[in-house]
1. Hey, among the residues in the stretch 264-292 that are within 29 Å of E311 (Cα to Cα) and in a loop (DSSP other than H, G, I, E, B), which one's farthest from the chain's Cα centre (by Cα)?
2. Pairs please, first residue from the stretch 55-80 and in contact (Cβ under 8 Å) with a residue 12 or more places away in the chain and on the phi > 0 side of the Ramachandran plot, second anywhere and small (G, A, S) and exposed (fewer than 13 other Cβ atoms within 10 Å of the Cβ), Cβ atoms under 8 Å, 6+ apart in sequence or on different chains.
3. Hey, can you tell me all the residues within the stretch 98-136 that are part of a loop (DSSP other than H, G, I, E, B) and either more than 30 Å from V48 (Cβ to Cβ) or at pLDDT 95 or above (or both)?
4. Only one of L180, L176, L224 is under 18 Å from T147 (Cβ atoms), at pLDDT 90 or above and crowded, with 17+ Cβ neighbours inside 10 Å. Can you tell me which?
5. Please identify the pairs in which a residue from the stretch 239-251 that is over 18 Å from E225 (Cβ atoms) and touching a residue at least 24 places away in the same chain (Cβ under 8 Å) has its Cβ atom under 8 Å from the Cβ atom of a residue that is hydrophobic (A, V, I, L, M, F, W, C) and outside any strand (DSSP E or B), counting only partners at least 6 apart or on another chain.
6. Can you tell me which residue within the stretch 253-286, out of those that are among the hydrophobic types (A, V, I, L, M, F, W, C) and farther than 19 Å from L351 by Cβ, is surrounded by the most Cβ atoms within 10 Å (Cβ to Cβ)?
7. For the stretch 137-163, which residues satisfy the criterion of being part of a loop (DSSP other than H, G, I, E, B) and on the phi < 0 side of the Ramachandran plot?
8. Just wondering, is there one or more residues in the stretch 71-89 that are in a helix (DSSP H, G or I) and modelled with pLDDT of 90 or more?
Amino acid sequence: MAPPEQNRRQRDFRRHPAATYRPPAYFRNLKTTLWSVIAFAAAAILYVVFWFVIAFGLRNGAVEWAETRRQEGYTVNYSGLLLNGFPFLMRLTLSDPGLGYPASDVPWAWQSEGLTVEMRPWNPWRLTIMPTGALTLGLTIGGEPVTYVGLADEIAIGLGLAGGWPKSGELTVSGLNLSLTDENGDSGESIAVKTMRLQALHDTADDADHRTVTFDLHLQAEGLETPAGIFLPLGNRVDNLVLDASVLGAIPAGRLPESLAAWRDRGGTVEVPRLEFIYGPLIARAEGTLALDGDMQPIGAFTAKLQGFFEIIDALRKQGLIRSVDAITAKVVLGALARRPKDGGPASLNLAITLQNRTVFAGPVSLLKLPAIDWNELFPTESLSE
C-alpha cells in the first residue's frame, strides 16, 4: 500500500492543468491534413516515376520491335515519335509510319499519315493501335504491283500481350474505302469494308493435343469489296459474312509450312461451327471441319443450307470453271434435292459440301477444282514465335 504522501502527490498531478491538456481541434485537424498531404505527395511522386518508367518502356519496346523487323527483312519507317497522355494514358504517336515486306515473292507495303499506340498504366499488357489519316496499301496481284489509297472512319487493333504471341486480339474497321490508282489516277476499283469486327483468342499451351482448342476466331463483316485481281465467280463484293472457327491442336513454333505439317501430323483440325454469308444471289449457312491432307492441301466436310445455288452453277459455267454438261447435271441432281416453300419463296437446299483432292463437291456433284496451295511460296520466311 502506497504511503499517504505519495497518494497525495498523485492526486495533485492529476488535477494539474498540464496533465489533462488536449490540443485544440483545429490543431489536430491540421496535423491530420498535413500527414495526408505528405502521403498524397509521396504517392503522386511514386506514380509519376511509375508512369515514366512504363511509358519509356513502351517507347523502347516499339523501337526494338522496329529494329527486329528490319533485321528480318521488313521495312519499318516513321518520321517522328511522340510520347504523351500523362497521367491516365500512355500514348505513343508516330508520324508517317510504314511497314512492308519487299523480300517476299508477293511484296506488300502499308503507309499512313499517323499511328497511335495507347496503353493504360495499370494494364500494360493491353495495347490499342490506331492508324490515322490517309492510308496507302501496296499489294502484288497477279504478279503485278498495285497501289490503293484512301481513308477509313475507324481502324483499331486491340492486343492482349502474353509472351511471344498476343494472347488475344481484336480488329475493328468501319468506313474503309481504298481506291486503286494508276497512271491515269483513280481506276474505279476499290477495297472497301462497311463494318468489320474480328476477334481472336490464342492459347499458348505447348502440350495441347488434337482435342484442345488453341485458337478461337470470330468474324462479322458487312459490305466487303476485295481487289479486282482476286478471283471470285460472282464479283468481288460480299454483302454479309459471319464466321466462327476454332483451331484444335497446338501449332508448334518454327517456319510456318513446317509448323502446319507438324500440326497436321498430330491430328490438328479446324472446327467451323458457324459460317454464314450473302454473296450475290447465294445465301448460305454451314458448319463443318477442315484439315490438311498428305499434300498439305485443305480437305473438309460441311453440312449446308443454300439458296441461289442455280445462279452459282450458271456463274461457274460462264467462267469456264465447270463444263456445260456438268452444269446441266448439277442442276438436275440438285434441283431434285431442293425444297421450295409453300408460300412460293426461293428454293433451298440442304446438302453436304465436301472438299477432297482440291475438288469441291455439292452432294454427289463435282462442282469446282481448286488450285494447289504452295505454302513455301506464300510464306517463304515467316515463322511462328515461341
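The values are calculated or read from the model by the stated rules, or taken from the named source; none is laboratory data. The structure presented is a predicted model; accordingly, all values stated were derived computationally and were not measured. Here the Cβ positions follow ideal geometry from the backbone for every residue, glycine too, while neighbour counts run over all protein chains shown.
1. Filtering first and then ranking leaves P281.
2. Every condition considered, the pairs that remain are G73/A103.
3. At the first step, the residues of the stretch 98-136 found to be part of a loop (DSSP other than H, G, I, E, B) are 102-107, 121-122.
Matches in the stretch 98-136: P102, A103, S104, D105, V106, P107.
4. Numbers: L180 fails: at pLDDT 90 or above; L224 fails: under 18 Å from T147 (Cβ atoms).
Answer to the selection: L176.
5. Taking only residues 6 or more apart or on different chains, the pairs are G249/A208; G249/W263; A250/A205; A250/A208; A250/W263; I251/L260; I251/A262; I251/W263.
6. As a first pass, look at the stretch 253-286 and keep what is among the hydrophobic types (A, V, I, L, M, F, W, C): 253, 256, 260-263, 270, 272, 275, 277-278, 282-284, 286.
Checking which are farther than 19 Å from L351 by Cβ leaves us with 253, 256, 260-263, 270.
Values: A253: 15, L256: 17, L260: 19, A261: 18, A262: 16, W263: 22, V270: 18.
Once the filter is applied, the top-ranked residue is W263.
7. Step one: list which residues in the stretch 137-163 are part of a loop (DSSP other than H, G, I, E, B), which gives 142-143, 152-153, 163.
Scanning the stretch 137-163 gives A152, D153.
8. Narrowing the stretch 71-89 to residues in a helix (DSSP H, G or I): 71.
With modelled with pLDDT of 90 or more added as a condition, the list becomes 71.
Checked the stretch 71-89: at least one residue is in a helix (DSSP H, G or I) and modelled with pLDDT of 90 or more.
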